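Asks: I'd like to ask you about the structure that follows.
Throughout, read-outs are computed from the coordinates displayed, never taken from laboratory work. On a predicted model such as this, the values are computed, not experimentally measured, just so you know. Every residue, glycine among them, receives a Cβ derived from its backbone with ideal geometry; neighbour counts consider all protein chains shown.
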Amino acid sequence: MIFSPSSPSITNGYLTGQLLVAMPNMQDPRFHKTVVFVCVHNEDGGMGIILNRLVSGMSFNEIIKQLDLGADITAQDRPLHFGGPVEGGRGFVLHSLDYSTPETLKVNDTIGLTATLDILKAMAENKGPSQAILSLGYAGWSPHQLENELRHNGWITVAADNTLVFEERLDKKWDAAFAKLGISPEMLSSDGGSA
């Protein structure tokens, strides 16, 4: 799947820059109780980063050392996120736009996505974005797959904000996303319907 930085926004019927929150009845264990930031959603499909899962046994500083970027590691170590089940060996940095390069995909006015080694080196040297999530892999959807999952009550959409994306504790993000809508996940039914 190839995604263009000029993807349509939600105003065009797409969910770029929004959060997908797994409904309580989500059957896929890879997405159970996840919150996904949608980086791109258009007629070609969708791509997002899971915000509340970690890769166990690996950290940012370990990745920097393995990549041998010649970085003078001065940054505090940070966790490595499980961004999704697609391309699990590929790194992505979801970040605030106080850091941007020509390769950065500007998702909205405050959040970008960069997948180059330069951002990793900058982060290791405390020259990167002020807010960032380093993830391995991503969540991907083929054309119309995400729309179908939404119709079948697999996800609920929530407006993204930097606090929820970057600052909320991982174990609280799912509940916080529902709270932003003013609802409790326990009150939701897995059955769709119409009046």
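Asks: Full-extension gain between residue 127 and residue 144, please, as 0.36 nm times their residue separation minus the C-alpha to C-alpha distance. Intermediate values should be presented prior to the final figure.
Replies: Values: separation 17, 0.36 × 17 = 6.12 nm, distance 3.89 nm.
Roughly 2.2 nm would be gained on extension.
Asks: Which three extents, in angstrom, do the Cα atoms of the chain have along their principal axes, listed largest first?
Replies: Cα spread of the chain along its principal axes, largest to smallest: 61, 33, 26 Å.
Asks: Further question on the same structure: How high is the relative contact order of the chain? Use alpha-carbon pairs under 8 Å, at least six apart in sequence, and give a whole percent.
Replies: Details: 387 pairs, mean separation 50.8, N = 195.
RCO, the chain: 26 percent.
Asks: Next up: Quick one: net charge around residue 137, please, counting Lys, Arg +1 and Asp, Glu -1 for every other residue with C-beta under 15 Å from its C-beta. Present the calculation step by step, with values, prior to reporting the outcome.
Replies: Details: positive: 30, 53, 90; negative: 28, 87.
Here the charged neighbours net out to +1.
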